[in-house]
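Participant: The following block contains the structure, expressed as C-alpha cells.
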Amino acid sequence: MSLFACTKCSAVENTACTTGYWPHKMDDKPVLCSECADGKWHGLFPKRLLKDTHYVVAKNGTLEPPGGWPAVGSAPPQPEKPDVQGR
C-alpha cells in the first residue's frame, strides 16, 4: 500500500483509491486525493491530514512511518543462544 499526501489539501491518501496518481506523478503534476480529484472522499478509510499523523515524506514522495517500513520478511532480533558449554 503506497500512501501520499494530497498536493491540494494534505490528506493522507492511498495511491489505489484515487484516479490518476501515477500518470500525474510521472508527469510532475499535482497528485490529488479522491475528494480533491473527484469531489467526494471515497470512504474506504477515514480522511486524515498529514499534520495529524506521524508519517514522513520519503525521498520518492510517498509516506512512511519515521524510520521507514520494516523490511519484508524481517524478524525481530532474537536473544543470543548460549554455546554448547553454556557461555
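Participant: Can you list residue pairs whose Cβ atoms sit under 6 Å apart, with the first residue in segment 28-42 being over 13 Å from Gly61 (Cα atoms) and the second being outside any loop (DSSP other than H, G, I, E, B)? Count only pairs 6 or more apart in sequence or on different chains.
Facilitator: Cys33/Ala11; Cys33/Glu13; Ser34/Cys17; Trp41/Ser34; Trp41/Glu35; His42/Cys17; His42/Ser34
Participant: Let me ask another. Of all residues in segment 19-36 being within 17 Å of the chain's Cα centre (by Cα) and not in a loop (DSSP other than H, G, I, E, B), which is surrounded by the fewest Cβ atoms within 10 Å (Cβ to Cβ)?
Facilitator: Looking at residues that are within 17 Å of the chain's Cα centre (by Cα) and not in a loop (DSSP other than H, G, I, E, B), I get Trp22.
Participant: If we keep just the residues of segment 1-18 that are buried (at least 16 other Cβ atoms within 10 Å of the Cβ) and hydrophobic (A, V, I, L, M, F, W, C), which is farthest from Leu63 (Cα to Cα)?
Facilitator: Once the filter is applied, the top-ranked residue is Cys17.
Just so you know, all these numbers are worked out from the coordinates, no wet-lab data involved. For clarity, every value in this text was computed on a predicted model and none was experimentally measured. We place every Cβ from the backbone using ideal geometry, glycine too, and count neighbours over all the protein chains shown.
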